Amino acid sequence: MNKPKKFSEISSREKALLVANWLDEKQGEKIVVMDVEKMSSVTNMTIVVSARGTKHAKALADHLLDQAAKDSVEFLSMEGHQAGEWVLVDLNDVLVHIFLDELRDFYNLEGMWAEAPRVPLTL
């Protein structure tokens, strides 16, 4: 008897766009999706999103976890949820960075991944 697959079989790009839509549903701001597959040994796609405050950042992260569970999207770990200033959500081949604006500017992940192609959003 075949056991059902635990996680959805979708491409990293499709997963990143799905996650970007989940973030948009909860009013995540300035969502940027970067294809880092050729530059990173850790992940294929990186998403950076701004939150209006720590409560909003935590709500965005919680929404991602809820949606991932509903849609059988693999979730590995989360860091920074307690403080809510920079929350990292690891969805295996997609990493999500939820930032307060001032920290987003300070760490400048988009600058660090300047060579990474941006994935156009269809929100």
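The numbers here are math on the coordinates, done by the rules we state, and not lab data. For clarity, every value in this text was computed on a predicted model and none was experimentally measured. Cβ atoms come from the backbone with ideal geometry, glycine included; neighbour counts cover every protein chain shown.
Can you confirm whether region 64-84 contains a residue that is touching a Leu at 6+ places or on another chain (Cβ under 8 Å), in contact (Cβ under 8 Å) with a residue 40 or more places away in the chain and over 24 Å from S11 (Cα atoms)? The answer is no, given that none of the residues of region 64-84 is touching a Leu at 6+ places or on another chain (Cβ under 8 Å), in contact (Cβ under 8 Å) with a residue 40 or more places away in the chain and over 24 Å from S11 (Cα atoms). All conditions but one from (1) without any contact (Cβ under 8 Å) to a residue 60 or more places away in the chain; (2) surrounded by 15 or more Cβ atoms within 10 Å (Cβ to Cβ); (3) in contact with an Asp or Glu (Cβ under 8 Å, 6 or more places away or on another chain) apply to L91; the one that does not is (1). With respect to the conditions (1) touching a His at 6+ places or on another chain (Cβ under 7 Å); (2) of a type in the set (D, E, K, R); (3) surrounded by 18 or more Cβ atoms within 10 Å (Cβ to Cβ); (4) within 22 Å of R118 (Cβ to Cβ), K58 falls short on a single one, namely (4). Set side by side, the residues L18, L91 differ, and just one is farther than 24 Å from Y107 by Cα and under 11 Å from the mean Cα position of the chain (by Cα), which is L18.
Would you confirm whether or not region 6-14 contains a residue that is part of a loop (DSSP other than H, G, I, E, B), under 22 Å from T122 (Cα atoms) and among the acidic types (D, E)? Yes, region 6-14 contains at least one residue that is part of a loop (DSSP other than H, G, I, E, B), under 22 Å from T122 (Cα atoms) and among the acidic types (D, E).
Sub-6 Å Cβ pairs linking a first residue in region 101-117 that is in contact (Cβ under 8 Å) with a residue 40 or more places away in the chain to a second residue that is among the small types (G, A, S) and surrounded by 13 or more Cβ atoms within 10 Å (Cβ to Cβ), at least 6 apart or interchain, are D101/S50; R104/S50, ordered by first then second residue.
A count restricted to region 33-55 and to residues that are exposed (fewer than 15 other Cβ atoms within 10 Å of the Cβ), within 24 Å of A83 (Cα to Cα) and of a type in the set (G, A, S) stands at 1.
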